[in-house]
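A short write-up of the structure that comes next.
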């Protein structure tokens, strides 16, 4: 299903408790709208970055669409803390071991 679907991010709406992200999915001539929410507390506690919100939601939506049978996917999802942690771990820079060590003066 997901290979044929066109997923388009429309925008977000800041609400009292959540940030709600809207996506349109076009498939086989039909169009559906999906809303995915991330609690505001996730952003204030730095579990998520504002700029990552659409990517986090897009990943979840594509996963749900791929696993949905016959287009029966619900139209609203709440992103969990575990999903935020998994996204952050997968997209954070890896620390390099050793790093830079200056050259000693007697090492020619």
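Tabulated data
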read-out	value
Structure-derived semi-axes √(5λ) of the Cα gyration tensor in Å - corresponding label in (1) 34, 15, 11; (2) 23, 18, 16; (3) 38, 18, 11	(3)
Fewest-first ranking of 86, 103, using other Cβ atoms within 10 Å as the exposure measure	103, 86
The chain - mean residue ellipticity at 222 nm from DSSP helices (-39,500 (n - 2.57) per run, n ≥ 4, rounded to 500)	-8500 deg cm²/dmol
Residue order, fewest to most surrounding Cβ atoms within 10 angstrom, among 37, 58, 45	45, 58, 37
Percentage relative contact order, the chain, counting C-alpha pairs under 8 Å, at least six apart	22
Exposure proxy order (Cβ contacts within 10 Å, fewest to most) of 49, 35	49, 35
Principal-axis tilt of helix 81-91 within the chain, Cα atoms, nearest 10 degrees	50
Cα long-axis angle, helix 53-67 against the chain (0 to 90 degrees, to the nearest 10)	60
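Every number in this text was worked out from the coordinates using simple rules, so none of it is lab data. Keep in mind it's a predicted model, so treat the numbers as computed, not measured. Every residue, glycine as well, gets a Cβ built from its backbone with ideal geometry; the counts of neighbours run over all protein chains shown.
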